[in-house]
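Take a look at the structure below.
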Amino acid sequence: MDFIFSLLFLGIIYVLLIIYFRSRDPELHWNWARLNVDDLSFPEGFIWGAATAAHQVEGACDNNNWHAWEQGGDGDGRDRIRGGAVSGAACEHWTRYPEDIRLMSNLGIRAYRFSLEWSKIEPEEGKFNQAALDHYSVVVDALLTAGIEPMITLYHFTHPIWFMKKGGFEKLENVAFFQRFCEKVFNEYSDRVKKWCTINEIEVEATQSYFKGDWPPGKQDGQIMGKVMQHLLEAHVRVYRALKILPNGDKVEIGLVKNIFQFDPWRPWHLADNLAGRLLNRVFNDSIIDFFTTGRFKIFIPGLVTVDHFNSQALHSNDFIGLNYYSHLPVKFKWDRNDFFEFRARPTEIPTDMEYSIYPEGFYRALKQIGKLGLPIYVTENGIADFQDDRRKHYIRRYLYALSRAISTGSDVRGYYYWSLLDNFEWAEGYEMKFGLYQIDFNTQKRVLRDGAVAYQEIIARHD
Ligand code: BGC
């Protein structure tokens, strides 16, 4: 009898725990057969845009941490970049930007998010390259002339080699160098550029570069990962405050760009999957949102990483929040001391060419989650890698439906920047992932609008 009671008791505890985990941010699934994805509405003045990042499109980024990384193998004969690719000439966007701006106009977009390549502007410590500064100034003017509003990202995964040699963002004291660069470029363009993103996806950079070791500098150390997250958050706060007191600071919007992948349990009823997912959500999503609502950045994974940091200035350090959203990553627990989980795309969902599937409901959830910050939201990235171009249209229509639904239920979303305008250098995936609205033949640099991208063009035309 006692045994039965104990079993019953444990069963109840188990069920309660599952209910607790599941209630936090439940995995949504809509009945698409009953939904009309053309039923869209967007607020007056909603911004339709596209996004890129310097190292992925410009070409000749040969003085930064990624360039250094691309040149080496990982020591056991494996390529660091898929197919042994190097970013090289990329899309030659540095010289072909006039053509690319025409491509933007052809799509009907009115906004362009791009990043400045720090290593071109400050190739040596403290020495600024006037030609590079002038280049971006000309790009800004060309965009404005075409009626396209520029949004600048100050840091999108790359930094100069001299900064890398100083230890990059592993060292808190190096944040001062980044701040100096930001102030310099802000003074150059803030008379014309009204939207500024400080740092792109702190959590992605920290994980890939310092935990998984797939990105430069290729470290695998949870504690360093945590410190880099902390230092990048500090960099954001300091840069925000420094720029706000410069001329035009009060006239522009400045914000961080946060990526959200929800770590949903692969088996909803499985306690270990729920626990692993909860831990990952805590470390990579909630911790950053908490930092901006409480000033405290706290992450803890037993034996792996402990960070507890407080800065009250974090509370008012964003005029908006940028959200990058692609999908969720269902987590499956594994009995392996060194690797206690794996990600598995749900077989019921349509795959993309990346490791994750198409999951528009997650976009809705992420908008609600990021909305907890109480800030205006720009969707600074959203898009699909689809080599065959047989899912892009579907993806665009469903994700924009989810966006519209989030807005109609109260989310304050002001704009949407599709990732990406062009096929480009997809970091460790090299050139094999095709995110572009425009396909690029990298032998000829010819750009062609993908059929699937027409869905975006049509939605813009209907809702602009
Ligand atoms: C990054 C981009 C990247 C995109 C697609 C985002 O995490 O900001 O640089 O190309 O995802 O993977």
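The values are calculated or read from the model by the stated rules, or taken from the named source; none is laboratory data. This is a predicted model, so every value here is computed, not measured. Please note: Cβ atoms are built from the backbone with ideal geometry, for glycine as well, and neighbour counts cover all protein chains shown. These area figures cover heavy atoms from the full protein model, side chains too; ligands, DNA and RNA do not enter into them. Shrake-Rupley method; radii C 1.70, N 1.55, O 1.52, S 1.80 Å.
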Residues of type lysines that residue 195 reaches as a straight line, Cα spacing below 23 Å, ignoring anything fewer than 8 places off in the same chain: 120, 184, 244, 251, 258, 368, 372
Out of 237, 207, 218, whose Cα points farthest toward the positive end of the dipole of the range 204-256 (charges: +1 Lys, Arg; -1 Asp, Glu; placed on Cβ)? 237
Quick one: if you take sqrt(5λ) for each eigenvalue of the C-alpha gyration tensor of the range 242-336, what semi-axes come out, biggest first, whole angstrom? 33, 16, 8
Neighbourhood charge, 15 Å Cβ-Cβ cut-off, centred on residue 133 and excluding it, Lys, Arg +1 and Asp, Glu -1: -4
Value of [θ]222 nm, deg cm²/dmol, for the chain, DSSP H segments ≥ 4, -39500 (n - 2.57) each, nearest 500: -11500 deg cm²/dmol
A student applying the Cα gyration tensor rule (rounded when a/c is under 1.5; otherwise prolate if a/b is larger than b/c, oblate if not) would label the range 175-261 prolate
Keeping all protein chains in the complex and leaving out DNA, RNA and ligands, what accessible area do you get for residue 411 with a 1.4 Å probe, in Å² to the nearest 10? 20 Å²
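About the Cα centre of the chain, what is the dipole size in debye to 20, counting +1 per Lys and Arg Cβ and -1 per Asp and Glu Cβ, all else neutral?
Working: 53 positive and 61 negative charges, 196 e Å.
Charge dipole, the chain, about its Cα centre: 940 debye, nearest 20.
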Calculated from backbone phi, Karplus (6.51, -1.76, 1.60) coupling profile of the range 77-87 in Hz, x at Gly/Pro: x, 8, 6, 6, 10, 3, x, x, 5, 10, 5
One-quarter of the Cα convex hull surface for the range 417-456, in nm²? 3.0 nm²
Projected onto the charge dipole of the chain (+1 at Lys/Arg Cβ, -1 at Asp/Glu Cβ, origin at the Cα centre), which of 19, 167, 3 gives the Cα projection farthest towards the positive end? 3
Can you classify the range 1-62 as rounded, prolate or oblate using the Cα gyration tensor, where a ≥ b ≥ c are the square roots of its eigenvalues, rounded means a/c under 1.5, and otherwise it's prolate if a/b beats b/c and oblate if not? oblate
Please list 52, 207, 95, 294 in order of solvent-accessible area, largest first, computed with a 1.4 Å probe with all protein chains present. 95, 294, 207, 52
Taking θ = phi - 60°, what integer Hz values does the Karplus form 6.51 cos²θ - 1.76 cosθ + 1.60 yield along the range 338-348, in sequence order, with x for Gly and Pro? 8, 8, 8, 7, 9, 9, 9, 6, 6, x, 7
Charge-dipole axis of the range 60-111 as Lys and Arg at +1 and Asp and Glu at -1 on Cβ define it, positive-most pick from 98, 86, 66: 98
Per-q log10 I(q)/I(0), the range 100-240, q = 0.09, 0.14 Å⁻¹ (Debye; single scatterer per alpha-carbon; no solvent): -0.30, -0.69
The chain - percent relative contact order, Cα under 8 Å, separation 6 or more: 18 percent
So how exposed is residue 298, as accessible area in Å² (1.4 Å probe, rounded to 10)? 100 Å²
Could you pull the accessible area for residue 125 with a 1.4 Å probe, rounded to 10 Å²? 90 Å²
Given labels modelled 7 Å from the Cα in the Cβ direction, how far is it in nm from residue 223 to residue 462? 5.5 nm
Give me the base-10 log of I(q)/I(0) for the chain at each q in 0.06, 0.10 Å⁻¹, Debye formula, one uniform scatterer per Cα, rounded to two decimals. -0.25, -0.72
Relative intensity, log₁₀ I(q)/I(0), of the range 308-363 from a Debye sum that treats every alpha carbon as a point, q = 0.14, 0.18 Å⁻¹: -0.65, -0.79
Please go through the range 5-101 and write out the chymotrypsin sites (Phe, Trp or Tyr not before Pro) that DSSP classes as loop and that have at most 16 other C-beta atoms within 10 Å. 30
Relative counts (whole %) of C-alpha pair distances in the range 1-122, using bins that are 10 Å wide: 10, 20, 17, 17, 19, 10, 6, 1
Gyration tensor (Cα only) of the range 346-464 to equivalent ellipsoid, semi-axes in Å sorted down, yields 26, 16, 14
Kindly express, to the nearest 10 degrees and within the range 0 to 90, the angle between helix 360-370's C-alpha long axis and the longest C-alpha principal axis of the chain. 80 degrees
When the convex hull of the Cα atoms of the range 399-442 is projected onto a plane and the area is averaged over all directions, what value comes out in nm²? 4.0 nm²
Nearest 10 degrees, 0 to 90: what angle lies between the long axis of helix 271-281 and the longest principal axis of the chain (Cα atoms)? 30 degrees
Degrees separating the helix 93-107 axis from the principal Cα axis of the chain, which is the longest one: 70 degrees
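If you wrap the range 70-163's Cα atoms in a convex hull and average its projection over all directions, what's the area in nm²?
7.5 nm²
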Heavy-atom accessible area ranking, 1.4 Å probe, most first, across 191, 423, 250, 74: 250, 191, 74, 423
Counting pairs of alpha carbon atoms under 8 Å apart in space and at least six apart in sequence, what relative contact order in percent does the range 37-89 give? 34 percent
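Excluding residue 83 itself, what net charge comes from residues whose Cβ is under 12 Å from its Cβ, given Lys and Arg +1 and Asp and Glu -1?
-2
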